[in-house]
1. Quick one: how many residues across region B:84-104 are within 14 Å of chain A (Cβ to nearest Cβ) and either part of a loop (DSSP other than H, G, I, E, B) or among the aromatic types (Phe, Trp, Tyr) (or both)?
2. Looking only at strands (runs of 3 or more DSSP E) that fall completely inside region A:49-114, which ones have 3 or more residues that are open to solvent by less than 50 Å² (accessible area, probe 1.4 Å) and more than 12 Å from every other protein chain (Cβ to nearest Cβ)?
3. Scan region B:30-67 residue by residue and report those that are surrounded by 15 or more Cβ atoms within 10 Å (Cβ to Cβ), within 9 Å of chain A (Cβ to nearest Cβ) and small (Gly, Ala, Ser).
4. Give the number of residues within region B:58-83 that are assigned to a strand (DSSP E or B) and either at pLDDT below 95 or over 24 Å from B:Gln17 (Cα atoms) (or both).
5. Restricting to region A:26-48, and then to whatever is within 15 Å of A:Asn94 (Cα to Cα) and part of a strand (DSSP E or B), can you tell me which residue is nearest to the other protein chains (Cβ to nearest Cβ)?
6. Hey, any hits in region A:20-38 for a residue that's among the small types (Gly, Ala, Ser) and free of Cβ contacts under 8 Å to residues at least 12 places away in the same chain?
7. For the structure I just gave you, tell me whether B:Ala81 is within 14 Å of chain A (Cβ to nearest Cβ), farther than 22 Å from A:Tyr35 by Cα and either out of contact with any strand residue (DSSP E or B) (no Cβ under 8 Å at 6 or more places or on another chain) or among the hydrophobic types (A, V, I, L, M, F, W, C) (or both).
Amino acid sequence: GEDVEQSLFLSVREGDSSVINCTYTDSSSTYLYWYKQEPGAGLQLLTYIFSNMDMKQDQRLTVLLNKKDKHLSLRIADTQTGDSAIYFCAERPNYGGSQGNLIFGKGTKLSVKP
Amino acid sequence: DGGITQSPKYLFRKEGQNVTLSCEQNLNHDAMYWYRQDPGQGLRLIYYSQIVNDFQKGDIAEGYSVSREKKESFPLTVTSAQKNPTAFYLCASSIARDLNTEAFFGQGTRLTVV
């Protein structure tokens, strides 16, 4: 079945880079996503990557995709205290019972220490 | 401004009562979703709707019901049959379910059973 795995916690110092990792299982997923959730709020789409790409960069964010290993990572450069949040990896399978639905990981809570 | 609105932000329910959570969007989106979020569990899909007057069960539909009488509205009823309803509920919408379209999330409703 479809499953998305992430580590639950990450702690970094302000100014360092953060790397959040994710593994997914459904190779049919055409797009993979990173969402950010601040405390008590909904989810906000940060970025996404098409499955035929290896890398996508958007300002401080870099997404790396290893399709062979089904591994996705999000790198945040020069991490700021405002980046403290929960980050969710998500896939959207093209086949099977979950076709078309977003499948989320459990989320990685990023804590940024000053 | 276009967006998706959930109300209320906080809701308290006595055991044995049904409660209805509101979700309204003015984005002209066809697809709408309800997710439940528990600490350390990520987001789990309760119900989704691809079009007016149609909806499908997600992974954890038991104890919940929905309706989609209008494109803009997708209310979720948490019934007394839901054994553990205390959670954070998130509503989302997207242009369509099968395309790579961004899912927009509401700010969530925190339901507590007292």
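1. The first filter runs over region B:84-104 and keeps only residues within 14 Å of chain A (Cβ to nearest Cβ), leaving B:87-104.
Checking which are either part of a loop (DSSP other than H, G, I, E, B) or among the aromatic types (Phe, Trp, Tyr) (or both) leaves us with B:88-89, B:95-104.
Final tally of qualifying residues: 12.
2. Details: elements: A:55-58, A:61-66, A:71-76, A:85-91, A:108-113.
Correct list: A:61-66, A:71-76, A:108-113.
3. B:Ala31, B:Gly42, B:Gly58
4. Quick first cut of region B:58-83, residues assigned to a strand (DSSP E or B) only: B:64-66, B:70, B:73, B:76-78.
With the extra rule that they be either at pLDDT below 95 or over 24 Å from B:Gln17 (Cα atoms) (or both), the set shrinks to B:70.
So the count comes out to 1.
5. Kept after step one, since they are within 15 Å of A:Asn94 (Cα to Cα), are these residues of region A:26-48: A:26-33.
If we keep only those that are part of a strand (DSSP E or B) as well, we get A:31-33.
On the way: A:Tyr31: 5, A:Leu32: 10, A:Tyr33: 8 Å.
The selected residue is A:Tyr31.
6. Restricting attention to region A:20-38, the residues satisfying the condition of being among the small types (Gly, Ala, Ser) are A:27-29.
Okay, now just the ones that are also free of Cβ contacts under 8 Å to residues at least 12 places away in the same chain, so none.
No, that holds for no residue.
7. Working: within 14 Å of chain A (Cβ to nearest Cβ): no; farther than 22 Å from A:Tyr35 by Cα: yes; either out of contact with any strand residue (DSSP E or B) (no Cβ under 8 Å at 6 or more places or on another chain) or among the hydrophobic types (A, V, I, L, M, F, W, C) (or both): yes.
So B:Ala81 does not fit the description; no.
Here is a yes/no grid of residues against (1) under 23 Å from A:Phe9 (Cα atoms); (2) under 11 Å from the mean Cα position of the chain (by Cα):
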residue: A:Tyr48; (1), (2): yes, yes
residue: A:Asp58; (1), (2): no, no
residue: A:Asp69; (1), (2): yes, no
residue: A:Leu72; (1), (2): yes, yes
residue: A:Ala85; (1), (2): yes, no
residue: A:Lys113; (1), (2): yes, no
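The values are calculated or read from the model by the stated rules, or taken from the named source; none is laboratory data. Because the structure is a prediction, the values reported are computed rather than measured. As a convention, Cβ positions derive from the backbone with ideal geometry for all residues, glycine included, and neighbour counts pool all protein chains shown. We work out accessible area using only protein heavy atoms, side chains counted, and drop any ligands, DNA or RNA first. Shrake-Rupley method; radii C 1.70, N 1.55, O 1.52, S 1.80 Å.
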